[in-house]
Amino acid sequence: MGDQKFQRKRYSTPRHPWEKERIDYERQIVIKYGLKNKRELWKAQAVLSSYRAQARTLQAKVRYNDPVAEKQFQLLLKKLDRLSLLSEGATLDDILALTLENILDRRLQTLVYQLNMATTMKQARQLITHGHIKVGDHVVTIPSLEVEKGVEDTITYNEKSPFSDDKHPIRLVLAGMKENEGTEEEQKDKGEPQ
């Protein structure tokens, strides 16, 4: 169990610290998702490996028609459906096919950027940590929060934040970016050069 003051690590570091291909891959992921450091990446990898380990264990037990394993499988599917990682009719192979990007796409930081509430991933992280973002009725300051499917639509700016005003300069920039994306898509549909 351990001491409550000293939490155990929720990730494991790479076995071989100086592999160039792995370091380059991790650097690309850290930049793409605006992570603070590689520790956040390793935590996401630990979550993914936990889901895969559960699926592998259940795969062996379900073959022998174990009723407890079948119930655990249904609970795991419900959890992954609630996190919007899989759909309801998924199988164990679908769980094993999950990737690191699937896990990182469900972070609050990524969703704030995808909802066009920030211009960059780093800015999305900053907005969250400074208390400008609300999820439902609560101000959330944790960028790595895994957002559930039903709560995804309730991500908004905090009312007390200056960003809640539509005339804030950042909001105007975001609106301009959104309009430019629309015109670029229209030009591509028509086949016109930019």
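Taken together, the values in this text are just the output of simple stated rules run on the coordinates, not laboratory data. Keep in mind that this is a model prediction, so the values were computed, not measured. Virtual Cβ from ideal backbone geometry, glycine too; neighbours counted across all protein chains shown.
Computed values, structure above
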{"item": "Condition met for Gln7 (surrounded by 11 or more Cβ atoms within 10 Å (Cβ to Cβ) and either under 19 Å from Ile142 (Cα atoms) or of a type in the set (Phe, Trp, Tyr) (or both))", "result": "no"}
{"item": "Selection status of Lys5, among the basic types (Lys, Arg) and within 25 Å of the chain's Cα centre (by Cα)", "result": "no"}
{"item": "Total residues in the stretch 63-77, condition surrounded by fewer than 14 Cβ atoms within 10 Å (Cβ to Cβ) and outside any helix (DSSP H, G or I)", "result": "3"}
{"item": "The lone exception for Val30 - which of (1) touching a Lys or Arg at 6+ places or on another chain (Cβ under 7 Å); (2) without any contact (Cβ under 8 Å) to a residue 40 or more places away in the chain; (3) surrounded by 18 or more Cβ atoms within 10 Å (Cβ to Cβ) it fails", "result": "(3)"}
{"item": "Pairs with Cβ under 7 Å, 6+ apart, first in the stretch 75-102 and within 15 Å of Ser50 (Cα to Cα), second of a type in the set (S, T, N, Q)", "result": "Leu76/Gln54; Leu85/Asn102; Leu92/Gln59; Leu100/Gln45"}
{"item": "Helices (runs of 4 or more DSSP H) wholly inside the stretch 95-134 containing at least 1 residues that are surrounded by 16 or more Cβ atoms within 10 Å (Cβ to Cβ) and of a type in the set (Ser, Thr, Tyr)", "result": "108-114"}
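Per-residue answers, yes or no, for (1) surrounded by 12 or more Cβ atoms within 10 Å (Cβ to Cβ); (2) touching a residue at least 60 places away in the same chain (Cβ under 8 Å); (3) within 16 Å of Ile103 (Cα to Cα); (4) among the aliphatic types (A, V, I, L, M):
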site	(1), (2), (3), (4)
Lys20	no, no, no, no
Ile23	yes, no, no, yes
Gly34	yes, yes, yes, no
Arg39	yes, no, yes, no
Ala46	yes, no, yes, yes
